Each structure stands twice: as structure tokens, then as C-alpha cells.
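Some notes on the structure that comes next.
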Amino acid sequence: MKSHVDFLGLLFIVWGLLTVVIGLSTLALGVGAVALITSAHRAGGGEVAAGITAAAFTTLALIAMVWGTAHVIVGLPLRRYTPWSRLIALMLGSVDLLLLPYGTALGVYALWALLTEDGKKLFLDH
């Protein structure tokens, strides 16, 4: 079970970094939408649509970056069997179940690895 928890920690880190990269690229789309606001103003319309688009992209980008950072922050101590990281990983993994298809796979794996008796024992010994 030790190798499963180590691999799970690595998956959390990789998933988190990829999510942060997706957040950064979405933020770039938000910046592009802000640029559209100024050009729409000169063209005589479309500021509202560009503003809504910019707000949506920026909000989604911030959520993705926070979500990814949380996975990295939990993945590192998970590999060291820190007791609090198991609980947070269970919470993150439960929400990941909703993020089809890769998040679902990660969530199922996290729940399986961390809820088995052998998985629980790893965190009790440290």
C-alpha cells in the first residue's frame, strides 16, 4: 500500500501542476477579453459581452489555480505520510470525482488508497 500512497501523492502533484497551467492559460484568455473591451469601445459596441467574458475567464482561471495549488500542497506531505494530508486528500479526491474523466479516476484511486485499513495504518505510524 505504501507504493500506492506514494504514487497517489505524485499524481496529486502532477494533477495540481497541470491544473495551474490550465488556469494560467485561461487567465490569458481573460486578458485577451479585456483587450477586446477597449477595441469594442472604439468600434462602438460589445463592451458588455467582452466584460462578461473577461470576468468569466478570470474567475475560472483563479479557481483552477487555487484548486491546482491545493493539490500540490497536499501531494507533497501525502508522500511523507503526514496525518493531516490524508484527510485533506480525501476531501479533494471526493470533489475530484466530479471532474470527468481524469479527476474521477484520481478521486476513486485516492478514496481507495486512503480508506483501506493498510492505507490508514501508514498515517498512524508517522
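Taking amide H positions as modeled 1.01 Å from N, with prolines and chain starts lacking one, the residues under 5 Å from Leu99 and 5 or more places away or on another chain are Thr104. What distance in nm separates the two pseudo spin-label positions at Phe7 and Met91, each 7 Å out from Cα along the beta-carbon direction? If labels sit at Phe7 and Met91, their model points lie 2.7 nm apart.
In terms of its C-alpha gyration tensor, the stretch 62-123 comes out oblate, because a/c is 1.5 or above while a/b does not outweigh b/c.
Restricting the calculation to Cα atoms, every distinct pair contributes to the Kirkwood radius of the stretch 9-118, found to be 15.3 Å. Couplings for the stretch 109-119, taken from phi via the Karplus curve 6.51 cos²θ - 1.76 cosθ + 1.60 with θ = phi - 60°, read 5, 5, 4, 5, 5, 8, 9, 6, 4, 5, x Hz in order; Gly and Pro are left as x.
Counting only protein heavy atoms and a 1.4 Å probe, the stretch 27-126 has 59 square angstrom of accessible area per residue. For the chain, with all protein chains in place and a probe radius of 1.4 Å, 77% of the accessible heavy-atom surface sits on carbon or sulfur. Here the Karplus relation 6.51 cos²θ - 1.76 cosθ + 1.60, evaluated at θ = phi - 60°, turns the backbone of the stretch 63-68 into coupling constants of 4, 5, 5, 5, 4, x Hz, with x for every Gly and Pro. Peptides 3-10, 67-74 ranked from most to least packed give 67-74, 3-10, packing being the mean of other C-beta atoms within 10 angstrom over each peptide's residues.
The values are calculated or read from the model by the stated rules, or taken from the named source; none is laboratory data. Source: prediction; values computed, not measured. As a convention, Cβ positions derive from the backbone with ideal geometry for all residues, glycine included, and neighbour counts pool all protein chains shown. The area values use the complete protein model at the heavy-atom level, side chains included, leaving out ligands, DNA and RNA. Shrake-Rupley method; radii C 1.70, N 1.55, O 1.52, S 1.80 Å.
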